[in-house]
Amino acid sequence: MTAQGFTLFDTAIGRCAIAWSGHGVVALQLPEASDAATRARLLKRHPQAREAPPPPHIVGAIAAIVALSGGEARDLFSIPLDMADVPDFNRRVYEVARTIGPGATLTYGDIASRLGDPLLARDVGQALGQNPFAIIVPCHRVVAAGGKSGGFSAHGGAATKRRLLAIEGAKSNAAPTLFDGHGGLDFALKPRGATASRRRG
């Protein structure tokens, strides 16, 4: 999974970076505190990538990501991913996570059950923590049992996760908005839509 190029682009949540190969997206980096930090974090994983204008299939991916982050209910499932170096278990987790539509959530346990073993919830969490395709593989839509948001490895942590869920319209039982900056609040996120399971992890 060798990245050939990358570029930064503007979204409603800040400047993201995307890296690609001839086979698809290699990485999507959510915004860091600055463009320099975003660029540096992507290049730490893909030092051989060079900043360049994106090819047509990446232009389309960027447009879909921008639309989704702006509140449109876009399905990113058709964006091609280069998972040549992704471990098999992680790939299976990502394939399940990609079926979760905007505004819906699953728990780590839900995904583990769909993989055939409810005891794999912790392993599912670890795989999502290594997700190089944030938003495209929507790890922000995977929450902890009991309605808590769970962890998130991107800049801003769980607050960024809640913001993404709020943009997509995930339901919350909390009175304040998800944009109010109260990072300590737990939000009771409920699975929604046809892709969301009724089981809890």
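Coordinate-derived values only; no laboratory data. Keep in mind it's a predicted model, so treat the numbers as computed, not measured. Glycine also receives a Cβ, built like all others from the backbone with ideal geometry; neighbour counts cover every protein chain displayed.
Hey, what do the phi angles of segment 65-80 turn into as Karplus ³J(HN,Hα) couplings, whole Hz, using 6.51/-1.76/1.60 and θ = phi - 60°, x for Gly and Pro?
5, 4, 5, 4, 5, x, x, 7, 7, 8, 9, 9, 4, 7, 5, x
How far, in nm, would the chain grow between Ala84 and His23 when pulled straight, counting 0.36 nm per residue and subtracting the alpha carbon separation?
21.0 nm
Could you tell me the center-to-center distance, by alpha carbons, between segment 119-147 and segment 1-34 in angstrom?
19 Å
Using a Förster radius of 30 Å, what is the FRET efficiency between Ala145 and Val66 based on their Cβ-Cβ separation? Nearest 0.05, please.
Calculated transfer efficiency: 0.40.
Can you list the residues, at least 5 places off or on another chain, whose amide H is less than 5 Å from the amide H of Thr11, using H built in the peptide plane?
Residues meeting the amide H criterion: Cys16.
Going toward the positive end of the dipole of segment 5-69, with +1 on Lys and Arg Cβ and -1 on Asp and Glu Cβ, which of Pro31, Gln48, Gly5 do you reach last?
Of Pro31, Gln48, Gly5, it is Gln48.
Work out, step by step, the length gained on full extension between Glu51 and Phe77: first 0.36 nm times the residue separation, then minus their alpha carbon distance; give nm to one decimal. Could the numbers behind the result be given before it?
On the way: separation 26, 0.36 × 26 = 9.36 nm, distance 2.52 nm.
Taking Glu51 through Phe77 to full extension adds about 6.8 nm, to one decimal.
Using a basic spin-label model with each label point 7 Å from the Cα along Cα→Cβ, how many nm lie between Arg91 and Ala36?
3.9 nm
Please get the size of the charge dipole for segment 23-134, origin at its Cα centre, with Cβ charges of +1 on Lys and Arg and -1 on Asp and Glu, quoted in debye to the nearest 20.
Roughly 180 debye, rounded to the nearest 20.
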